[in-house]
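To start, the structure under review is shown below, and the notes come after it.
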Amino acid sequence: MVRKRPQRLSYHASAVVGCILLGIAMVGIVWMIFGQHDGLMGTGVHILWPEDASTADMQIPALLAHGITLAHPEENANLSQQEALLIASQREPDALSARSVSSRYALVNSTMAQKRLQNTPAWVICYQNIAASTGGVHDLYIFLDANSGTELFALRT
């Protein structure tokens, strides 16, 4: 008769630890594929939902209210982001008191009566929380032609 050797405690412990590590690895893989997060290097891994898949994330509610929509451009701008920010700050000196400044390169569509645009490549510079002379604050959006740097129009909200 063949006798089985009693299994050691270390055998059971290593099996449990292995299962736990395998489970953690599976959760990590699922999180990387499906998770909407920023990774360790600053950009997330979005295999199923790339960041530029929709123009919904490009829209700014204040601009939508004025009939302005933004779309993702396929080509690079001739004007760099730094050049656009410099030009905008020179044209609107009161914007220097803004609490935050952001910019993005986009294709601009506008149905405003004074300025109609269709898929015009532009830098959209947003100065937020500018102190007004009346004591309130407002935001300022400056639209610069991405090729020439000329101001297309400005919008205060």
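The values are calculated or read from the model by the stated rules, or taken from the named source; none is laboratory data. Please read all numbers here as calculations on a predicted model, not as lab measurements. No Cβ is skipped: glycine too gets one built from the backbone with ideal geometry, and neighbour counts run over all protein chains shown.
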Practice task
Can you give me the number of residues within the range 77-101 that are exposed (fewer than 12 other Cβ atoms within 10 Å of the Cβ) and under 17 Å from the mean Cα position of the chain (by Cα)?
Solution key: 1
Practice task
For the range 72-110, enumerate the residues that are touching a Pro at 6+ places or on another chain (Cβ under 8 Å) and over 14 Å from Cys126 (Cβ atoms).
Solution key: Pro73, Glu75, Ala77, Leu107
Exercise for the section: Scan the range 118-132 and give yes if some residue there is in a loop (DSSP other than H, G, I, E, B) and in contact (Cβ under 8 Å) with a residue 12 or more places away in the chain, otherwise no. Expected result: no
Fill in the blank from the handout: Per the list (1) among the polar types (S, T, N, Q); (2) out of contact with any strand residue (DSSP E or B) (no Cβ under 8 Å at 6 or more places or on another chain); (3) more than 18 Å from Thr157 (Cα to Cα), residue check on Asn119 breaks on (2)
Exercise for the section: May I ask you to verify whether Leu140 is touching a Leu at 6+ places or on another chain (Cβ under 7 Å) and in the same structural domain as His72 (by TED's automatic domain parsing)? Expected result: no
